[in-house]
Amino acid sequence: NARALADAEPGDITLVDNDRHMEAWYKSPAAAAVVPMTTSVNGRPVIRVADPLMAFVQIFQQLRGPRTEPTIIDPSASVHPTAQIGDGAAIGPFAVIGEGATIGAGTRVGAGVALGRGCRIGAGTILYPSVVLYDDCTLGDRVIVQGNVVIGGDGFGYRFHGGAHVKVPQLGWVEIEDDVEIGAGTTIDRGTFGPTRIGKGTKIDNLVMIAHNCRIGRHNIIAAQVGIAGSTTTGDYVVIAGQVGIGDHLTIGDRAVIGAQSGVTKSVPPDSRMMGFPARPEGLAKRSYAVFEHLPELRADLNRIKKHLGLEE
């Protein structure tokens with residue numbers, strides 16, 4: 001078998017991806033370990049590789065064998081007669097597949113999933129239980145959507161007219177490209193007249209809010225509890241840490257990194273590292289925080305100087 005170091009038993013292969021774990025490896029009953037190239041051999045069987053984690057993933061999958069998934073439509077599911085279901089797709093209990101929807105080969109639709117009219121789902125995609133896609137949304141191949149995600153809900157658009165907030169109809173859709181992952185409880189709103197788009201390879205954590213008309217680039221990393229307001233665009237390879245808030249109609253450049261709990265109120269140039277509220281360059285923000293910690297002492301010094309100069313109010 002293949003097991004983590006703490007759980008490994010005699011006959012198992014395990015993973016030691018850091019020298020900090022070498023002592024535990026020496027004491028482990030495991031038969032062998034996957035280790036970095038730099039690890040010295042101490043007489044115990046090891047496999048030295050450039051990327052131990054991904055090598056161990058392959059070993060783990062090989063030893064555990066392929067997963068067997070159902071290839072039938074559960075009798076309790078409601079599938080519209082015009083829907084097209086690809087070969088090997090699995091539709092779970094109480095799922096609802098709307099008119100004209102398309103589901104690709106090998107895609108798994110979990111229990112209670114609701115796909116609206118005209119939705120298109122690619123091959124090898126996984127929709128976990130209670131995912132909701134509103135009408136006309138598109139998901140590419142190998143997309144993973146965790147439970148309770150809502151894709152294609154109305155954007156938050158209102159006009160103040162006649163003493164009341166009047167809803168602006170949200171007539172667009174959502175397009176999610178290949179190899180995107182979306183964490184549990186995330187919401188992605190449809191565009192007003194066109195698409196809200198999530199680029200290829202982007203990974204979105206739990207409880208993220210992406211508003212209408214946003215264009216998220218390729219291979220972004222977006223951590224938990226991020227909120228991105230409407231019509232904001234991110235470039236490719238952007239990293240957004242947890243609890244960041246980004247204002248509307250902004251542009252975040254390629255490869256920008258935004259630190260946790262930052263509030264972004266202005267567009268961010270490519271290759272920038274930003275943090276704080278309002279978000280500013282990392283170096284400036286760190287110097288500001290260093291000064292901020294000493295404000296009580298600085299205030300006391302200022303009061304003493306004013307008293308010495310007779311400038312007290």
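The values are calculated or read from the model by the stated rules, or taken from the named source; none is laboratory data. Since the model is a prediction, treat every value here as computed from it, not as a measurement. A quick note on method: Cβ atoms are made from the backbone with ideal geometry, for glycine too, and the neighbour counts reach across all protein chains shown. In case anyone asks, the SASA skips ligands and DNA or RNA and just uses the protein heavy atoms, side chains included. Shrake-Rupley method; radii C 1.70, N 1.55, O 1.52, S 1.80 Å.
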Inside the stretch 131-145, can you point out the residues that are crowded, with 19+ Cβ neighbours inside 10 Å and outside any strand (DSSP E or B)? VAL131, TYR134, ASP136, CYS137, GLY140, VAL143
Residues of the stretch 171-185 being surrounded by 15 or more Cβ atoms within 10 Å (Cβ to Cβ) and either closer than 15 Å to ILE246 by Cβ or out of contact with any strand residue (DSSP E or B) (no Cβ under 7 Å at 6 or more places or on another chain) (or both), which ones? ASP178, ASP179, ALA184, GLY185
Do we have PHE193 as in a loop (DSSP other than H, G, I, E, B), over 14 Å from the mean Cα position of the chain (by Cα) and under 28 Å from ARG280 (Cα atoms) here? no
Quick test of your reading of the structure: PHE94 fulfils all but one of (1) on the phi < 0 side of the Ramachandran plot; (2) at pLDDT 95 or above; (3) not acidic (Asp, Glu). Name the failing condition by number. (1)
Show the residue pairs meeting these rules: Cβ distance below 9 Å; 6+ apart or different chains; first residue within the stretch 38-57 and closer than 17 Å to SER28 by Cβ; second residue open to solvent by 50 Å² or more (accessible area, probe 1.4 Å) and not in a loop (DSSP other than H, G, I, E, B). THR39/ASP19; THR39/ARG48; VAL41/ARG48; ASN42/TYR26; ARG44/TYR26
Go through the stretch 146-164 and give me each residue that's in a loop (DSSP other than H, G, I, E, B) and under 23 Å from PRO93 (Cβ atoms). GLN146, GLY147, ASN148, VAL149
Looking at the stretch 141-197 only, could you name the residues that are polar (S, T, N, Q) and at negative phi? GLN146, GLN170, THR186, THR187, THR192, THR196
A careful count of residues in the stretch 36-59 that are under 14 Å from ALA2 (Cα atoms) and in contact with a helix residue (DSSP H, G or I) (Cβ under 9 Å, 6 or more places away or on another chain) gives 2
Counted residues, the stretch 196-222 - those being without any contact (Cβ under 8 Å) to a residue 40 or more places away in the chain, open to solvent by 30 Å² or more (accessible area, probe 1.4 Å) and either aromatic (Phe, Trp, Tyr) or closer than 21 Å to GLN261 by Cβ (or both): 5
Looking only at the stretch 225-238, decide whether some residue is part of a loop (DSSP other than H, G, I, E, B), under 14 Å from GLY263 (Cβ atoms) and open to solvent by 10 Å² or more (accessible area, probe 1.4 Å). yes
Only residues that are in a loop (DSSP other than H, G, I, E, B) and among the aliphatic types (A, V, I, L, M): list them for the stretch 168-183, please. VAL168, LEU171, VAL180
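Residue by residue, here is whether (1) touching a residue at least 24 places away in the same chain (Cβ under 8 Å); (2) under 15 Å from ASN148 (Cα atoms) holds:
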site	(1), (2)
PRO93	no, no
GLY100	no, no
THR107	no, no
GLY110	yes, yes
ALA114	no, yes
Just need a number here: residues in the stretch 90-129 that are in a loop (DSSP other than H, G, I, E, B) and within 18 Å of the chain's Cα centre (by Cα). 3
Consider the stretch 266-294. How many of its residues are open to solvent by 80 Å² or more (accessible area, probe 1.4 Å) and in contact with a Phe, Trp or Tyr (Cβ under 9 Å, 6 or more places away or on another chain)? 0
